[in-house]
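Following: one structure in structure tokens, then a few remarks.
The values are calculated or read from the model by the stated rules, or taken from the named source; none is laboratory data. Just so you know, these numbers come straight off a predicted model, no measurement behind them. Reconstructed Cβ throughout: ideal geometry from the backbone, glycine too, with neighbour counts over all protein chains shown.
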């Protein structure tokens with residue numbers, strides 16, 4: 001006679017994968033990570049033992065990409081898409097924004113070097129009322145308000161959304 005099969009949770013692997021990917025998101029948002037080896041060490045410190053192949057699959061699934069840094073080298077960056085970016089999510093980019101200023105006609109955000117395009121993309125995808133759009137350089141984002149009179153209120157709103165107000 002064969003022993004009875006023990007019941008095992010069907011989604012155990014999916015939960016583990018989801019928790020690991022959330023840990024990867026948190027690590028990439030909080031630290032500049034330049035290699036998968038470095039990411040693997042930080043995940044191990046959080047209790048996730050992973051292979052390079054698993055890391056590679058997770059990074060692809062999360063749509064993470066390597067970007068060049070102005071001072072040389074590379075770092076991983078999470079992809080921002082319309083499904084994940086919203087006004088509430090802008091706070092996650094707050095560590096990249098140094099300040100927000102306006103001149104009555106235009107709002108200028110100053111960011112960490114190399115972060116302006118990610119910040120601008122997040123702003124555009126958040127569809128903030130009275131915000132026509134943004135243009136990014138390396139460490140500066142110009143944000144165009146719907147009307148000149150709304151530049152100051154838009155600057156205030158952006159400071160609030162990025163946790164700088």
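With (1) loosely packed, with under 15 Cβ neighbours inside 10 Å; (2) in contact (Cβ under 8 Å) with a residue 40 or more places away in the chain; (3) farther than 30 Å from residue 35 by Cα as the list, and residue 154 as the residue in question, which single condition is left unmet?
(1)
Go through (1) part of a loop (DSSP other than H, G, I, E, B); (2) under 13 Å from residue 93 (Cα atoms) for residue 159 and report which single condition fails.
Here residue 159 clears every test but (1).
The rows are residues; the columns are (1) touching a helix residue (DSSP H, G or I) at 6+ places or on another chain (Cβ under 7 Å); (2) assigned by TED's automatic domain parsing to the domain that holds residue 96; (3) surrounded by 12 or more Cβ atoms within 10 Å (Cβ to Cβ); (4) closer than 28 Å to residue 90 by Cβ.
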{"site": "17", "(1), (2), (3), (4)": "no, no, yes, yes"}
{"site": "24", "(1), (2), (3), (4)": "yes, no, yes, yes"}
{"site": "30", "(1), (2), (3), (4)": "no, no, no, yes"}
{"site": "34", "(1), (2), (3), (4)": "no, no, yes, yes"}
{"site": "39", "(1), (2), (3), (4)": "yes, no, yes, yes"}
{"site": "60", "(1), (2), (3), (4)": "no, no, no, yes"}
{"site": "66", "(1), (2), (3), (4)": "no, no, yes, yes"}
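Can you tell me which residue is surrounded by the most Cβ atoms within 10 Å (Cβ to Cβ) among those in the range 124-146 that are in a loop (DSSP other than H, G, I, E, B) and under 17 Å from the mean Cα position of the chain (by Cα)?
Looking at residues that are in a loop (DSSP other than H, G, I, E, B) and under 17 Å from the mean Cα position of the chain (by Cα), I get 139.
Just to check your reading of the model, which residue among 55, 96 is touching a helix residue (DSSP H, G or I) at 6+ places or on another chain (Cβ under 7 Å), free of Cβ contacts under 8 Å to residues at least 40 places away in the same chain and assigned by TED's automatic domain parsing to the domain that holds residue 16?
Only one candidate passes the filter, namely 55.
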